[in-house]
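Q: Quick one: the structure is below, and I'll ask about it shortly.
The values are calculated or read from the model by the stated rules, or taken from the named source; none is laboratory data. Fair warning: this is a prediction, and the values are worked out from it, not measured in the lab. When we count neighbours, we look across all protein chains shown, and the Cβ atoms used for this are built from the backbone with ideal geometry, even at glycine. Calculation scope for accessible area: heavy atoms of the full protein, side chains included, ligands and nucleic acids excluded. Shrake-Rupley method; radii C 1.70, N 1.55, O 1.52, S 1.80 Å.
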Amino acid sequence: MELRTKLGAAAFLAAAAMATAAGCGGRDDDNPTPTPDAGCTGVCSTDAGSDAGTNTDAGTDAGTGDAGPTANQIAATRKVSFGTKATLRDVVVSGVHYEKLSDQGNGSWRSYFWVTDPAAPKEGLFIHKFYTDTPDAYHPQIGDTVDIVGYFGTEPNNSPFTGRRHHLANQQTPAVPLAITPKLTDAGTANLPPANEVTVDELTASLAAAQNSAAYLGTRVHLAGPLTLTNPQPSQLQRLDNEDAGTLFYGFEVTGGILVYHDKTRDRSDGGLGCDYQKAALDGGSVTFPNGITGVWDTYTFAGCINGSSNITSCGTGGNDRDSGVPGTDQRYTYTIIPQGCEDLPGEVVVPE
């Protein structure tokens, strides 16, 4: 007999890192295996759990011009030089990667999130809001409509999971905060542009493209089903570290070799969400997604600690000496589907009895 169960899940795609040259950002004019990095702009450190915000900038912040395009504004922003000031108008918050309320009691939020342009729904971009960016108390919610003025660059190389991802952020030198103007809030998913319908072939084509030209990057996509979980432990998602090395994988692979990063859907020791399809497959289940999967399509890389620490978001001494990459390859990053919750990944598990 077979016992058929249904779950709802999504997975966070991943890639893992080899420690190489230190840096704070990455230029990828040619492909995801770029030549040495040109440095980042904006917030250039990971969040060590404090709110000091004393980040250094390894890149150039000349950006006196404002990209400020109105037509295909996100696509145009991705093609400007790092450090260029850019304005995005009437974009919609389409996903949230990470957020943290300041522990200083001042109501300030640090948030990493994505925005999509409803006028060009195949265009999206990652936004890095620091505690001191304005308004400091703004807490992005999916469906919010906002204007954003910031500086184009990349996440720092040593940032786990998001390293080298294109973003808008603040300027470090001289200090100019990222400025967000909320225009419509608490609208919920009704204000969210529909996910872009994509095929395995279309996403595969993106895997070989640079961030300034990869299709659908930073937007919500729906990869049509039926899909099968083909590998619960793909090598690209393996944790390479002094702790848990080779035993922890940050997601899984589905039909066509598409990676799914499952941070928002995996089982957690604190109880957390319980739609972990990787675990179901490792327990012997056969996992399918009859209606496909949904999530944000964006870069993924992993930067492992090189100093014995187990806290990958803050490796302490030596943390800035690490670099990110995709294990088993010479790539600096790859692309993954990043579901925002179990509702993005309704699947079926067949467990043999």
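Q: Does region 109-123 contain any residue that is at pLDDT 95 or above and more than 24 Å from A195 (Cβ to Cβ)?
A: There is at least one residue in region 109-123 that is at pLDDT 95 or above and more than 24 Å from A195 (Cβ to Cβ).
Q: Exactly one of (1) over 20 Å from the mean Cα position of the chain (by Cα); (2) open to solvent by 10 Å² or more (accessible area, probe 1.4 Å); (3) in contact (Cβ under 8 Å) with a residue 60 or more places away in the chain is unmet by K79. Its number?
A: (1)
Q: Being in contact with a Leu (Cβ under 7 Å, 6 or more places away or on another chain) and open to solvent by less than 20 Å² (accessible area, probe 1.4 Å): is that true of A120 here?
A: Values: in contact with a Leu (Cβ under 7 Å, 6 or more places away or on another chain): no; open to solvent by less than 20 Å² (accessible area, probe 1.4 Å): yes.
No.
Q: Going residue by residue through region 156-173, is there one that turns out to be open to solvent by 40 Å² or more (accessible area, probe 1.4 Å) and touching a residue at least 24 places away in the same chain (Cβ under 8 Å)? Walk me through how you get there before you give the answer.
A: Pass one, region 156-173, residues open to solvent by 40 Å² or more (accessible area, probe 1.4 Å): 172-173.
Filter once more, so that each one left must be touching a residue at least 24 places away in the same chain (Cβ under 8 Å): 172-173.
Scanning region 156-173, I find at least one residue that is open to solvent by 40 Å² or more (accessible area, probe 1.4 Å) and touching a residue at least 24 places away in the same chain (Cβ under 8 Å), so the answer is yes.
Q: If the requirement is being farther than 22 Å from Q238 by Cβ, at pLDDT 70 or above and open to solvent by 50 Å² or more (accessible area, probe 1.4 Å), which of these qualifies: E348, E343? Let's see the steps before the verdict.
A: Details: E348 fails: open to solvent by 50 Å² or more (accessible area, probe 1.4 Å).
The conditions single out E343.
Q: Can you pull out every residue in region 194-239 that is surrounded by 18 or more Cβ atoms within 10 Å (Cβ to Cβ), over 19 Å from the mean Cα position of the chain (by Cα) and part of a loop (DSSP other than H, G, I, E, B)?
A: Correct list: P232 only.
Q: With the condition kept exactly as written, say whether any residue in region 264-279 is surrounded by fewer than 16 Cβ atoms within 10 Å (Cβ to Cβ) and at pLDDT 95 or above.
A: no
Q: Another question about this same structure. Name the one entry in N320, N311 that is modelled with pLDDT under 75, surrounded by fewer than 24 Cβ atoms within 10 Å (Cβ to Cβ) and outside any loop (DSSP other than H, G, I, E, B). Walk me through how you get there before you give the answer.
A: Values: N311 fails: outside any loop (DSSP other than H, G, I, E, B).
None of the other options fit; the residue is N320.
Q: Restricting the search to region 143-185, which residues are of a type in the set (K, R) and modelled with pLDDT under 95?
A: So in region 143-185, the residues of a type in the set (K, R) come out as 164-165, 183.
The one that is of a type in the set (K, R) and modelled with pLDDT under 95: R164.
Q: List the residue pairs whose Cβ atoms are under 6 Å apart, where the first residue sits in region 84-110 and is touching a residue at least 40 places away in the same chain (Cβ under 8 Å), the second is surrounded by fewer than 18 Cβ atoms within 10 Å (Cβ to Cβ) and part of a strand (DSSP E or B), and the two are 6 or more positions apart or on different chains.
A: Pairs found: K85/D66; T87/D66; R89/D147; R110/K100.
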